[in-house]
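So the structure is just underneath, and the comments pick up after that.
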Amino acid sequence: MSDVLYYVIPVVLILGYAAVRRRLRGRYWIFRGGLLDHPVDFLRRPLTKGLQVSTGAQEVRRGDEVEALVTISRSSGLGNVEVGLICIEYYDYEATRTNKDGTQSSSRETAEATAYEAWQPVESAQGVLNVRLAIPPEAPFSYKGDCLSFKWDLVVKGSRRGRLDKEAGHELFVLP
Amino acid sequence: MSPRLQLQLEQERYRPGDTSKGTILVLEGGHSRSLEVHLEYREETADYHDVPVSIAVGSLHEGDLTTGTSFEFEVTLPPDALPNYQSEHGELYWEVDAKSNEIGRDTHERSRIEVESDPARVTRS
């Protein structure tokens, strides 16, 4: 019995949280980013210890290269380390749902999708590494709009089988 | 009756700071309060859209429009104009919008233009 509860309780909590988040997301700021909106990212933060990434240039043009400075201060348990560029597209859509009384209601929601990503493996040894990453000329540029946005990040991650990846990021502004 | 318009542009591809020249032809005359042209940068998803940049050319004509008349205009893109971009879930693009301001629903004739990035001029906005 206790074994069943061990699995059932987390599932019920996750489904309950997802339902509450869906209902309240448009109304309360706490659901628009941060702990309640991206709980996995929040949990991942303490795991970034020992892994850092930065770049000298905060702005870079499409078609140019970014020089990433990867610092590994603790290599134990890192797994395979990769450094990469990710562009996330945020887009608004109209979500419709059926209410308990059978009527339909709609609300404006924001979804996200990966518009671009490219990863390069690096040696997972303690030290500082310089890695050059190219931004394709046809990739999106950084843009913050009303219903459509593109956000770039320079990311280093340590992939660990069966466990949450270690990950550290640095926002980048990509000019057209 | 609403007028029927046709929008003709001298070219379709531009760079930031370029001037777009065009003509509005009145194919069928009709009631109008004024004829205006806007150059707009639009963002669009499947369900929503917004116009973060709108540059007004001004009124080209006041009053009803007569069949066969034409109106020339020109409008300059900002030097820091962002380029067009199409993604999987949305699009950013420039468009010339000729509008006949009418009582009730306005008549629009729109034409997209392609704006490419100009690395020499672009700065962070």
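Quick note: the coordinates plus some simple rules give every number you see, no bench work behind them. Because the structure is predicted, anything quoted here is derived from the model rather than measured. Neighbour counts run over all protein chains shown; Cβ positions are idealised from the backbone, glycine included.
For the reader, a short list of remarks on this structure follows.
- Counting only residues at least eight positions apart within a chain, or on another chain, the lysines with an alpha carbon under 17 Å from that of residue A:166 are A:49, A:157.
- Along the stretch A:130-137 the Karplus relation, 6.51 cos²θ - 1.76 cosθ + 1.60 evaluated at θ = phi - 60°, assigns HN-Hα couplings of 9, 10, 9, 10, 9, 9, x, x Hz to successive residues, with x for each Gly and Pro.
- Charge tally for residue A:88 (other residues, Cβ to Cβ under 10 Å; Lys, Arg +1; Asp, Glu -1): -3.
- Placing dummy labels 7 Å off each Cα toward the beta-carbon, the span from residue A:59 to residue A:104 is 4.5 nm.
- Within the shell of other residues whose beta carbon sits under 15 angstrom from the beta carbon of residue B:13, the net charge comes to -4, with Lys and Arg scored +1 and Asp and Glu -1.
- Other-chain or far-sequence residues with amide H under 5 Å of residue A:63's (modelled H): A:135
- Distant-in-sequence amide H partners of residue B:32 (H built 1.01 Å from N, under 5 Å): B:64, B:65
- Sequence-separation-based contact order of the stretch B:17-125, relative, with Cα cut under 8 Å and 6+ spacing, percent: 33
- When the alpha carbon coordinates of the stretch A:87-176 are projected onto the principal axes, the ranges are 61, 39, 17 Å, largest first.
- When you count the other C-beta atoms within 10 angstrom of each residue and take the mean per peptide, B:88-100, B:23-35 line up highest first as B:88-100, B:23-35.
- Net charge of Cβ neighbours under 11 Å - reference residue B:62; Lys, Arg +1; Asp, Glu -1: -1
- Note on B:83-96: average number of Cβ atoms from other chains within 10 Å of each residue's Cβ is 4.
- Only Cα sites of the stretch B:1-84 enter the Debye sum here, all with the same form factor; the resulting log10 I(q)/I(0) across q = 0.21 1/Å is -1.03, listed in q order.
- For the stretch A:52-132, the alpha-carbon radius of gyration amounts to 1.74 times the rule-of-thumb value 2.2 N^0.38 Å expected for a compact globular protein.
- 3J(HN,Hα) along the stretch B:40-52: 10, 9, 10, 10, 8, 10, 4, 10, 9, 8, 8, 10, x Hz, from the Karplus curve 6.51 cos²θ - 1.76 cosθ + 1.60 with θ = phi - 60°, whole Hz, x for Gly and Pro.
- Long-range HN-HN contacts of residue B:81 with modeled amide H, under 5 Å: B:17
- Using a cutoff of 8 angstrom between alpha carbon atoms and counting only pairs six or more residues apart, the relative contact order for the stretch A:46-175 works out to 37 percent.
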